[in-house]
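Comments concern the structure below.
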Ligand code: HEM
Ligand SMILES: [Cu+2]
């Protein structure tokens, strides 16, 4: 059996778990939505009639929180690979909590925007910020639900070193959402 | 490993799950049934969209006609004077476009054939996720219901054109259709986008992950290549439409100003500041142009398959076909601004987009040449499907040529938004894709329903439609060159255009006749479904895998093991071969009489392929 595994052998067609692959395709669609929105931002900005204001400081805090949350989830994943159930659950709950905190920080950023007299309704330069944060927040909620499902599974002992597919998908998605936020944050810092 | 393979092979699964009516025909996860659901829904929409066009053609061709007799259907949209309400005219044009582009030629075409053909032609038991596939159909269904409801509301359906440009679509004061009708349009399209993305994710994942052993990308039928690339284009462009629609929703319902700048309506200033309607156009056409290829590519893929089969010749330039489709897929994302030459676009940008637009004509031309050279000296069998495929090539040429005129920014100043554009895209997109759809139905009907369609009726249907389409759309070029704008309620109010009155009457009569010819198809379709001649296993002597399944394949498609693939799908009329076709699952070792020298070398590789595990995908 072993000796047939030579290099010149045609590869089996089934190379990646279709579900994971589908998740990546879903991520592509989300990327395209935000690519469209941020391009729209640049196009609109270049046309003038653009209100300048200072970005909320809460964005920095939320960025730190989301990075920590990603780290926590990854730590939990390593624990799961070693069948360390305590680490698995602790990491999951920690990242869920941090995820919720992130949403709180985003809410505070809206409060700060309002303090600056920047409202959702008004000059598009402000409206865009609300759309970026709001739409990203909506995706983040879906990510939190995903983590919650994994926690549920973990407590029913369905996540362990030999059953990681769903956790790996959750991890991919969560890292993606974090990276997406960092992209948006840096984008807003550069272009405003 | 060989032993595991035989083990799997011996173990024949029972694929018929116990189904009741609901799980078998309604909430089914079988890709073949889902495909039929898409097809039937698409046909339903094609009838609605077609009838709408007849109503506005009556208005354009017979401006003095009394339309009282339509009052039972259209109610208050027929005015007291017996005329079509001008605002409803706009609504009809808008809904006709939306329905035809999205519901018929996207969902009805890709939805039907991607679902039906991908698993059958790549050798898979079903889609990567049957559940998501089912969801895709039901999202489309919900989207359809909402759009349908919007036809009957008090203020009328959306009426800002299928492209729903703001400010027209953003301000309810602008036109009555921009009220509730537009809201329903947006909700419906959101479901539609979700449906398309769910479907697309599935198609891509299935083609990449679930090919049977031996089915490498270089042995894929061109239909699958086309459907695959269509799904990729959709995956990249529909999210952008979603973004555009989302901002439009905010403008309409929350009072933001993404697309609205300082506007006065009836002397009163609106509160909006700082928005840009051109921004919407950029976002829309970033979807809109790829969308026209989403509509066309599946039709081209179907055509490749049928033309090769019925010419009994290998497709000419298999690799060139793939490369040009890849080229079209990439280029389709960088030409969108050719729809905006007169939007105040920077002329320098206009020149860049003009260049890119003319470049996309190159892969399109390559495909046309390959079709013609495949036909050249073939043993052509004129089945109805073949006729419709050839018709597609004809429309693709005549409509593509006018694209080259439109692609020149300077010429487009005269032609933009005239009937010339209408003629262009109805030939190259509307009719060509519609013919692809028809060709596909005629060709795969035996596999879908296990029976044959009537050929004679097929011929009559083809000739009437083919001639009819040219009679309808060819004259529009003249009207357009003369400068008559599209989406205008009436020709007769302008002296300059009065001379076209007869031509318009002629077009309208041709349109009614062409629509009438479709009734022949409808009869043939539904009659043959129950009463048609029973189909043989491989009615067209075709090479692809779907014809190796039973006459009425169950859920799971193959009763035994999924066939293994050894060769490309176009071994037709191979010199030396016993028959004029060698299906993909026949190994080279079984055909020594027709093998070319390099194919004899492949016999060694076949053993390697057979060592691969049979992936039974359960
Ligand atoms: C030879 C390649 C082609 C070129 C150079 C080309 C060029 C153009 C240009 C410049 C326009 C804008 C005209 C205007 O609004 O003033 C246009 C409109 C359009 N084209 Fe093409 N085209 C080509 C092929 C196609 C194909 C293959 C399709 C569809 C399958 C297509 C579908 C459309 C549609 C739907 C519109 C009108 C959209 C609307 O305004 O409602 N074109 N084309
Ligand atoms: Cu275009």
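The values are calculated or read from the model by the stated rules, or taken from the named source; none is laboratory data. Just so it is clear, the structure is predicted and the values come from calculations on it, not from any experiment. Counting neighbours? That spans all protein chains shown, and the Cβs are built from the backbone with ideal geometry, glycine included.
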Scanning the stretch B:401-415 residue by residue, those more than 12 Å from ligand 2 (Cβ to nearest atom) and either within 20 Å of residue B:497 (Cα to Cα) or in contact with a helix residue (DSSP H, G or I) (Cβ under 8 Å, 6 or more places away or on another chain) (or both) turn out to be B:402, B:404, B:405, B:408, B:409, B:411, B:413, B:414, B:415
Practice prompt. Answer with yes or no whether residue B:344 is within 16 Å of ligand 1 (Cβ to nearest atom), within 14 Å of chain A (Cβ to nearest Cβ) and at pLDDT below 95.
Written response: yes
With criteria (1) within 12 Å of chain A (Cβ to nearest Cβ); (2) within 16 Å of ligand 1 (Cβ to nearest atom), residue B:296 comes up short on (1)
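A quick yes/no check of all residues on (1) touching a strand residue (DSSP E or B) at 6+ places or on another chain (Cβ under 8 Å); (2) over 24 Å from residue B:296 (Cα atoms):
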| position | (1), (2) |
| --- | --- |
| B:111 | no, no |
| B:120 | no, no |
| B:127 | no, no |
| B:147 | no, no |
| B:151 | no, yes |
| B:154 | no, yes |
| B:165 | no, no |
| B:173 | yes, yes |
Q) Do we have residue B:209 as surrounded by 23 or more Cβ atoms within 10 Å (Cβ to Cβ) and either within 11 Å of chain A (Cβ to nearest Cβ) or more than 16 Å from residue B:168 (Cα to Cα) (or both) here? A) no
Going through (1) away from ligand 2 (no atom under 16 Å from the Cβ); (2) in a helix (DSSP H, G or I); (3) at pLDDT below 95 one by one, residue B:257 fails only at (2)
In the stretch B:223-243, anything over 22 Å from residue B:609 (Cβ atoms) and more than 7 Å from chain A (Cβ to nearest Cβ) is listed as B:223, B:226, B:227, B:229, B:230, B:231, B:232, B:233, B:234, B:237, B:238, B:241
Among the residues in the stretch B:504-527, are any more than 27 Å from the chain's Cα centre (by Cα), on the phi > 0 side of the Ramachandran plot and surrounded by fewer than 16 Cβ atoms within 10 Å (Cβ to Cβ)? no
Residue B:539: passes all of (1) modelled with pLDDT under 95; (2) out of contact with any strand residue (DSSP E or B) (no Cβ under 9 Å at 6 or more places or on another chain); (3) in a loop (DSSP other than H, G, I, E, B) but (1)
Among helices (runs of 4 or more DSSP H) entirely within the stretch B:33-125, at least 1 residues that are free of Cβ contacts under 8 Å to residues at least 40 places away in the same chain and more than 16 Å from ligand 2 (Cβ to nearest atom) occur in B:71-74
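For every residue, the table says whether it meets (1) within 16 Å of ligand 2 (Cβ to nearest atom); (2) within 21 Å of residue B:338 (Cα to Cα).
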residue	(1), (2)
B:278	no, yes
B:284	yes, yes
B:287	yes, yes
B:304	no, no
B:315	no, no
Using the structure shown, decide if residue B:162 is more than 16 Å from ligand 2 (Cβ to nearest atom) and either within 23 Å of the chain's Cα centre (by Cα) or assigned to a helix (DSSP H, G or I) (or both).
-> no
Practice problem: With respect to residue B:352, determine if the residue is within 16 Å of ligand 2 (Cβ to nearest atom), free of Cβ contacts under 8 Å to residues at least 24 places away in the same chain and either under 26 Å from residue B:388 (Cβ atoms) or more than 14 Å from every other protein chain (Cβ to nearest Cβ) (or both). | Solution: yes
All-but-one check, residue B:548 against (1) buried (at least 16 other Cβ atoms within 10 Å of the Cβ); (2) within 14 Å of another protein chain (Cβ to nearest Cβ), failing number (2)
Taking the conditions exactly as written (more than 14 Å from chain A (Cβ to nearest Cβ), more than 10 Å from ligand 1 (Cβ to nearest atom) and assigned to a helix (DSSP H, G or I)), does residue B:466 satisfy them or not? yes
Within the stretch A:123-134, residues being at pLDDT below 95 and more than 7 Å from every other protein chain (Cβ to nearest Cβ) number 2
